[in-house]
Amino acid sequence: MANVVVVGMQWGDEGKGKIVDMLSEFSDIIVRFQGGNNAGHTIVANGKKVILHLIPSGILHENKRCFIGNGVVIDPKVLIEETDFLRDNGYIEKNKLFISPNAHIIMPYHKLMDGVREESSNEDCIGTTRRGIGPCYADKIARVGIRLYDLLNRDILARKVESRLKEVNTLLVHLYKKEPLSVEPIVDEYVSYGELLKPYIADVSSEIYNDIKRGKHCLFEGAQGTLLDIDFGTYPFVTSSNTVAPNIFIGSGVGITRIDEIIGISKAYTTRVGQGPFPTELLGEEGEILRKLGHEYGATTGRPRRCGYLDIVALRYAVRVNGITALAITKLDVLSGLSNIKICTAYEYQGKRITEFPTDINILKQCKPIYEDFKGFNDTIRNARDMSDLPNAARDYLNAIQVFLDIPIIVVSVGEKREETIVLKNPFLGR
């Protein structure tokens with residue numbers, strides 16, 4: 001038995017979907033424990049590109065049980081679109097997908113409020129995906145949210161929506177100069193969603209607990225990345241949930257003694273979508289080259305990602321707050337063709353060298369990267385299946401990452417396809 005967590009170490013988009021897809025072959029159950037459809041996992045399976053925003057990417061494998069935990073916020077329309085697509089393509093079977101009834105539901109007013117708040121923020125905008133994630137989490141904390149089980153009772157749902165719209169409509173009309181929302185159309189729509197999702201509702205915490213007791217392999221699939229965590233990220237330019245590994249216990253109802261391995265996922269360079277400080281960002285031609293080579297556009301929004309060199313200061317911080325025990329490095333192939341590659345090993349702040357990641361963005365904004373140079377490589381590496389297949393310069397680069405972080409690399413991705421991967425250790429096989 002092994003229970004493994006996969007978590008992003010950067011600002012999301014690290015390639016977690018591919019690593020989860022690969023590890024799902026060896027796990028019995030796959031659990032999504034936080035976030036919403038503001039994250040997109042892109043997997044290439046059987047020559048077809050599949051983008052999933054809510055359902056764990058392990059659903060693409062046969063005989064796997066996939067769970068959406070209570071820590072996820074669900075847009076039911078998006079979830080139903082995903083279940084329909086997967087069913088039409090033969091991926092969803094009976095007793096394969098389970099959803100916690102305690103998961104909170106993204107309502108139309110969440111998406112509307114997300115948009116109008118962003119529009120009114122002007123230069124201070126966070127760069128939200130406008131999918132209602134933040135307002136939904138805010139309602140959850142304020143104890144006025146709607147859970148999945150509320151969609152199964154029309155009277156209860158109507159009462160809760162009516163109560164919530166009193167405040168929401170006041171803000172929409174008087175502050176944002178928008179038209180008010182009506183109760184009945186929302187209730188009609190969401191009751192129908194409840195009926196469609198009812199077959200998937202289950203006590204997720206209990207199901208996972210019993211599977212683990214039976215010796216099943218469990219894989220926990222994180223969304224976004226460490227530096228977008230609501231507490232440990234570059235606040236306020238963060239997401240609205242805890243993206244770090246310790247949140248799996250709260251977001252899925254699994255006990256804290258149940259985890260054996262925490263795999264941190266990092267690109268071989270760094271990217272970020274939206275606003276916020278980014279010490280190693282490349283603003284000129286170099287950044288554009290990385291963006292084009294890596295096809296760096298968001299799976300969810302399509303927005304171009306900001307690109308830069310690898311940041312060891314930020315990764316060391318991610319190791320600490322997640323308790324990372326192993327590394328998976330993705331998109332190493334994107335660096336092929338670069339004559340020189342840099343790694344940021346420290347920051348300069350007000351004339352001083354610092355090696356700890358500042359959580360105060362006012363300090364982080366002033367930090368300048370201190371780089372070490374590494375020789376680049378021109379070889380095409382997509383056919384590499386062993387470290388010995390890589391050019392010396394690529395191996396030196398990977399070894400430097402291991403030394404800087406004092407954490408072993410167990411997986412290296414050398415292309416977007418499932419098979420374009422070097423596996424040094426499989427946590428489910430112990431070798």
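Details
- Some residue of the stretch 239-250 being without any contact (Cβ under 8 Å) to a residue 24 or more places away in the chain, aromatic (F, W, Y) and assigned by TED's automatic domain parsing to the domain that holds S24: yes
- Filter result for R320 (of a type outside the set (V, I, T) and either modelled with pLDDT of 95 or more or assigned by TED's automatic domain parsing to the domain that holds E14 (or both)): yes
- When N3 is tested against the conditions (1) closer than 10 Å to F220 by Cβ; (2) under 11 Å from the mean Cα position of the chain (by Cα), the lone failure is (2).
- Among residues of the stretch 264-275, those that are surrounded by 24 or more Cβ atoms within 10 Å (Cβ to Cβ), under 15 Å from the mean Cα position of the chain (by Cα) and assigned to a loop (DSSP other than H, G, I, E, B), counted: 0
- Selection from the stretch 215-236 of residues that are in contact with a Leu (Cβ under 8 Å, 6 or more places away or on another chain) and either closer than 20 Å to T359 by Cα or outside the structural domain of G15 (by TED's automatic domain parsing) (or both): G233, T234
- Selection status of Y137, hydroxyl-bearing (S, T, Y), surrounded by 15 or more Cβ atoms within 10 Å (Cβ to Cβ), in a helix (DSSP H, G or I) and out of contact with any Ser or Thr (no Cβ under 6 Å at 6 or more places or on another chain): no
Listed here are the residues, each with its yes/no results for (1) outside the structural domain of G323 (by TED's automatic domain parsing); (2) closer than 26 Å to G132 by Cβ; (3) touching a Ser or Thr at 6+ places or on another chain (Cβ under 9 Å).
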position: M9; (1), (2), (3): yes, no, yes
position: D28; (1), (2), (3): yes, no, no
position: N38; (1), (2), (3): yes, yes, yes
position: I43; (1), (2), (3): yes, yes, yes
position: K48; (1), (2), (3): yes, no, no
position: G58; (1), (2), (3): yes, yes, yes
position: H61; (1), (2), (3): yes, no, yes
position: V72; (1), (2), (3): yes, yes, yes
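- For the stretch 180-213, a residue qualifies if it is within 24 Å of the chain's Cα centre (by Cα) and closer than 17 Å to P76 by Cβ, and the qualifying residues are L197, Y200, I201, A202, V204.
- Residue that is modelled with the highest pLDDT [pool: residues in the stretch 118-134 that are of a type outside the set (G, A, S) and in a helix (DSSP H, G or I)]: I133
- Hits in the stretch 302-325 (condition: within 18 Å of the chain's Cα centre (by Cα), closer than 18 Å to I262 by Cα and not polar (S, T, N, Q)): A314, L315, Y317, A318, V319, V321, G323, I324
- Filter pass, D333 being within 24 Å of K16 (Cα to Cα) and outside any loop (DSSP other than H, G, I, E, B): yes
- Cβ-Cβ under 9 Å pairs, at least 6 apart or on other chains, the stretch 184-199 side assigned to a helix (DSSP H, G or I), far side of a type in the set (S, T, Y): I186/Y109; G194/Y149; L196/T83; L197/T83
- Complete set of residues in the stretch 35-49 that are buried (at least 21 other Cβ atoms within 10 Å of the Cβ) and touching a strand residue (DSSP E or B) at 6+ places or on another chain (Cβ under 6 Å): G36, H41, I43
- When residues of the stretch 140-152 are limited to those that are assigned to a helix (DSSP H, G or I) and touching a residue at least 40 places away in the same chain (Cβ under 8 Å), the one nearest to P277 (Cα to Cα): K140
- Any pair with Cβ under 6 angstrom, 6 or more apart, that starts in the stretch 153-171 at a residue that is more than 20 Å from K198 (Cα to Cα) and ends at one that is of a type outside the set (V, I, T) and surrounded by 17 or more Cβ atoms within 10 Å (Cβ to Cβ): L165/L181; V168/Y109
- When the stretch 219-234 is filtered for residues that are touching a helix residue (DSSP H, G or I) at 6+ places or on another chain (Cβ under 7 Å) and at pLDDT 95 or above, the ones remaining, listed by number, are L219, F220, T226, L227, F232, G233, T234.
- Any hit, the stretch 339-358, residues being within 23 Å of I370 (Cα to Cα), among the acidic types (D, E), surrounded by fewer than 23 Cβ atoms within 10 Å (Cβ to Cβ) and touching a helix residue (DSSP H, G or I) at 6+ places or on another chain (Cβ under 9 Å): yes
- Among residues of the stretch 394-418 that are assigned by TED's automatic domain parsing to the domain that holds N378 and touching a residue at least 60 places away in the same chain (Cβ under 8 Å), those with a Cβ under 6 angstrom from a residue that is polar (S, T, N, Q) and crowded, with 20+ Cβ neighbours inside 10 Å, sequence gap 6+ or separate chain, pair up as S413/T330.
Results for (1) in a loop (DSSP other than H, G, I, E, B); (2) closer than 21 Å to A328 by Cβ; (3) small (G, A, S), shown as yes or no for each residue.
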residue	(1), (2), (3)
A39	yes, yes, yes
E62	yes, no, no
V73	no, no, no
D84	no, no, no
R87	no, no, no
G90	yes, no, yes
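- The criterion of at least 3 residues that are more than 25 Å from G233 (Cα to Cα) and over 27 Å from the mean Cα position of the chain (by Cα) is met by the following strands (runs of 3 or more DSSP E) wholly inside the stretch 360-431: 368-375.
- Those residues of the stretch 276-299 which are within 17 Å of the chain's Cα centre (by Cα) and surrounded by fewer than 18 Cβ atoms within 10 Å (Cβ to Cβ), in sequence order: Y297, A299
The values are calculated or read from the model by the stated rules, or taken from the named source; none is laboratory data. For clarity, every value in this text was computed on a predicted model and none was experimentally measured. Every residue, glycine among them, receives a Cβ derived from its backbone with ideal geometry; neighbour counts consider all protein chains shown.
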